[in-house]
Amino acid sequence: MKTPPDLQAQLEALPSLSRVELLERFDKEYGRPAPPRLSNKILALAVAYRMQEKVFGGLKPEIRRFLLSEKPIAMPTKAAPGTILIREWQGREHTVMVFPDGVEYGGERYRSLTDVAYRITGQKRSGPAFFGLKKP
């Protein structure tokens, strides 16, 4: 699913907004003030998520239940095409986009998450476990 150009432009502009502008955008998107002490980066991510949610829809019900539950439920073990996985490793954030025929990391296509996990860590390990899709 392609992002509409007007939404894409708005998303690209978010990182350059001032704190006051981000707080105003948060209030506009969520209908309430932002929680105190959120960084500008988190505010921008929250606003971006809500903007995309309005266009593409929200979380699948089972993911929403998992996030809101007090006791854990089963996490999905596969990432659907279009999913973006983010993993922090040694102080650096690594982002992977899932496609039907593989994944993209750092502007390059890979056959699997395991290949990306090896590229990031230099060690052979389970890609799905590294990205939190299953227990290591």
query: Taking the Cα centre of the range 6-136 as the origin and placing charges on Cβ (Lys, Arg +1; Asp, Glu -1), which of F130, P81, L38 is farthest toward the positive end of the dipole?
result: F130
For the range 64-136, the spread of Cα positions along each principal axis, largest first, Å: 37, 27, 19
Förster radius 22 Å - calculated FRET efficiency between S16 and T83, Cβ distance, rounded to 0.05: 0.25
- request: Rank by packing, highest mean first: peptides 91-103, 17-29, with packing defined as the count of other Cβ atoms within 10 Å averaged across residues.
  value: 17-29, 91-103
- prompt: Quick one: if you stick a label point 7 Å off each Cα along the C-beta vector at M97 and Y118, how many nm between them?
  reply: 2.4 nm
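Under a Cβ-only charge scheme (Lys and Arg +1, Asp and Glu -1), can you give me the dipole magnitude of the range 17-136 about the Cα centre, in debye to the nearest 20? Don't skip to the answer; put the middle values down first.
Values: 22 positive and 13 negative charges, 76 e Å.
That gives the range 17-136 a dipole magnitude of about 360 debye.
Any read-out appearing in this document is the output of simple, stated calculations on the displayed coordinates, not a laboratory observation. Remember, it's a predicted structure, so these values are computed and weren't measured experimentally. Heads up, the Cβs are rebuilt from the backbone with ideal geometry, glycines too, and the neighbour counts pull from every protein chain shown.
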